[in-house]
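The values are calculated or read from the model by the stated rules, or taken from the named source; none is laboratory data. Predicted model, so just to flag it, every value in this text is computed and none were measured. FYI the Cβ positions are ideal-geometry reconstructions off the backbone, even for glycines, and counts take in every protein chain you see. For accessibility, only protein heavy atoms count, side chains too; no ligands or nucleic acids. Shrake-Rupley method; radii C 1.70, N 1.55, O 1.52, S 1.80 Å.
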Amino acid sequence: MNEIDLKKIKLVIWDLDNTLWNGILTEGNITDNEAHYSFVRQLTDVGIVCSICSKNDTEPVEKELERIGLSDYFVFKSINWETKGVRVKKIIDDMHLRAINVLFLDYDSRNLAEVKSVLPEINCALPDVIPDLQKQIDESFKNDKEHKRLQQYKVLERKTSDAEKFGKDTDFLR
């Protein structure tokens, strides 16, 4: 994979098991990865938004995200057992972004290849790139300690969710 220029990234999509945390949640033996949790917070503080694309069950994931204090740091979460390529594309489309400005992190190179086959311009990497990415964040990055960009995407997420629930524009507007 090519070196990633974090200044060009607007969204980081995280896998969870063996990527955000260590271990597999459904097997019940995960351990915290404070460096990765800190990186999520650091990204948010400089205006880079985070999302999730994980093969998992929603309820245990939400409980774990609450436990580690990161539930509110993610938008457009895709947590189910379907293939990741189409799901990552949907996240990007729903957020009105371009794949070239997105980084997908996953420990499984097969998932990275699948996503890359659907979105050739996307940046894909194993989680071992995180320390190098953290080093790229310096004072030249914009400061977004109030998480205004994250809040804007939370509003878009609610609008998208409501539009999917109601279907037709007229039903949505009512």
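Being modelled with pLDDT under 95, of a type in the set (D, E, K, R) and open to solvent by 80 Å² or more (accessible area, probe 1.4 Å) is a description that applies to residue 168. When you look at residue 40, is it open to solvent by 20 Å² or more (accessible area, probe 1.4 Å) and part of a helix (DSSP H, G or I), yes or no? Taking the combined requirement at face value, the residue does not satisfy it. Considering 113, 99, which residue is more than 25 Å from residue 33 (Cβ to Cβ) and either of a type in the set (Gly, Ala, Ser) or touching an Asp or Glu at 6+ places or on another chain (Cβ under 7 Å) (or both)? Going through 113, 99 in turn, just one is more than 25 Å from residue 33 (Cβ to Cβ) and either of a type in the set (Gly, Ala, Ser) or touching an Asp or Glu at 6+ places or on another chain (Cβ under 7 Å) (or both): 99. Within the range 8-28, the presence of a residue that is in contact (Cβ under 8 Å) with a residue 60 or more places away in the chain, over 12 Å from the mean Cα position of the chain (by Cα), more than 27 Å from residue 81 (Cβ to Cβ) and open to solvent by less than 10 Å² (accessible area, probe 1.4 Å) is excluded.
Here residue 23 qualifies as at positive phi and not hydroxyl-bearing (Ser, Thr, Tyr).
Kindly indicate whether residue 111 is polar (S, T, N, Q), at pLDDT 95 or above and out of contact with any helix residue (DSSP H, G or I) (no Cβ under 7 Å at 6 or more places or on another chain). In short, no.
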